[in-house]
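The values are calculated or read from the model by the stated rules, or taken from the named source; none is laboratory data. On a predicted model such as this, the values are computed, not experimentally measured, just so you know. Heads up, the Cβs are rebuilt from the backbone with ideal geometry, glycines too, and the neighbour counts pull from every protein chain shown. Just the protein is used for accessible areas: all its heavy atoms, side chains included, with ligands, DNA and RNA removed. Shrake-Rupley method; radii C 1.70, N 1.55, O 1.52, S 1.80 Å.
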Amino acid sequence: MPHASQRPADKPIVPRHVAIIMDGNGRWAKQRGLPRIEGHRRGVETVRTVTYAARDLGVRMLTLYAFSAENWNRPRAEVGALMGLLELYLKKELRTFVRDRVRLMTIGRIEDLPAGVRRHLAATVEETKGFTDYTLVLALNYGSRTEVADAARSYAAAVASGRERLDDGSWERFARHLYTFGMPDPDLVIRTSGETRVSNFLLLQAAYAEFIFTPVLWPDFTKVDLAAAIEDYSRRERRYGLTSEQVKPAKAAVK
Ligand code: IPE
Ligand code: IPE
Ligand code: MG
């Protein structure tokens, strides 16, 4: 069904949950003759600006794909540098998130991240858990396929212990075992850098998301680009399998 965030057709429809595949840091650096890590460093600056830009534009939840389950296969030095940057970012942002009432959540296999990163994550998630207006979700060591495998194991264990019943095997019951339990599905998924693939990101949750692919490299992505993506989203008709005629009266009825 259409989300509650859908408003009358004459008003811009702001996506409640925006998810971004932040891509292009390496190419941004290469174009300038800089090491890849310099691109990642600039990428962190973009994370800071986009976190607040999304909130200013009325978004309630922002999920950022920061490190995929497959990214461990990059050169050791790059993985190490990314983990170092992540730890530094979390250390710096904790106070800012508390001050600005930003709730931090994570999705992914957090247990495999370095101890320093886990410590800062745990502290930030705990200290911001009471904030309800705006949530930043970091996808870290995230992959949809591992998520499904983890969920299937968790679901099977719940069935074995009698907490789930096999005969109520609905999507809603299964989805309680995903990392995203309790989060709304993304309304809009943006990928930067011109690549037009999903790269194992929120495959199930984005079942009815709108997708926007922009050529802008992540370090160059600005509030203006985000606003343009939201504007494009607001002009789309989300049909959820219905016909256009069925969707239109439903929109008019909310007026
Ligand atoms: C995205 O930028 C950041 C991560 C995947 C961690 P990339 O590092 O993938 O940049 P490109 O795709 O090589 O330009
Ligand atoms: C996807 O970007 C992962 C993140 C943005 C964290 P990649 O750069 O790793 O994706 P592929 O390898 O080009 O598909
Ligand atoms: Mg990439």
Notebook entry, point to check: Within the range 187-199, is there a residue that is more than 16 Å from ligand 1 (Cβ to nearest atom) and either of a type in the set (Lys, Arg) or closer than 14 Å to Leu62 by Cα (or both)?
Noted result: yes
Notebook entry, point to check: Can you spot a residue in the range 32-54 that is without any contact (Cβ under 8 Å) to a residue 12 or more places away in the chain, within 16 Å of ligand 1 (Cβ to nearest atom), touching a helix residue (DSSP H, G or I) at 6+ places or on another chain (Cβ under 6 Å) and in a helix (DSSP H, G or I)?
Noted result: yes
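Rundown of residues vs (1) at pLDDT 95 or above; (2) open to solvent by 30 Å² or more (accessible area, probe 1.4 Å); (3) within 16 Å of ligand 2 (Cβ to nearest atom); (4) not charged (D, E, K, R), yes/no style:
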| residue | (1), (2), (3), (4) |
| --- | --- |
| Thr106 | yes, yes, yes, yes |
| Ala158 | yes, no, no, yes |
| Ser161 | yes, yes, no, yes |
| Gly169 | no, yes, no, yes |
| Leu178 | yes, no, no, yes |
| Gly182 | yes, yes, no, yes |
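Here's the yes/no breakdown for (1) at pLDDT below 95; (2) surrounded by 12 or more Cβ atoms within 10 Å (Cβ to Cβ); (3) out of contact with any Leu (no Cβ under 6 Å at 6 or more places or on another chain):
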{"residue": "Ala53", "(1), (2), (3)": "no, yes, no"}
{"residue": "Leu82", "(1), (2), (3)": "no, yes, yes"}
{"residue": "Val102", "(1), (2), (3)": "no, yes, no"}
{"residue": "Arg118", "(1), (2), (3)": "no, yes, yes"}
{"residue": "Arg145", "(1), (2), (3)": "no, no, yes"}
{"residue": "Ala151", "(1), (2), (3)": "no, yes, no"}
{"residue": "Ser154", "(1), (2), (3)": "no, yes, yes"}
Next item on the list: Inspect the range 10-31 for any residue being open to solvent by less than 80 Å² (accessible area, probe 1.4 Å), modelled with pLDDT under 95 and not polar (S, T, N, Q) and give the result as yes or no.
Entry: yes
Checklist line | Glu195 within 13 Å of Tyr65 (Cβ to Cβ), of a type in the set (Asp, Glu) and open to solvent by less than 70 Å² (accessible area, probe 1.4 Å) | finding: yes
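Only one of Glu111, Glu127, Glu87 is surrounded by fewer than 20 Cβ atoms within 10 Å (Cβ to Cβ), among the charged types (D, E, K, R), within 16 Å of ligand 1 (Cβ to nearest atom) and farther than 25 Å from Leu226 by Cα; which?
Glu87
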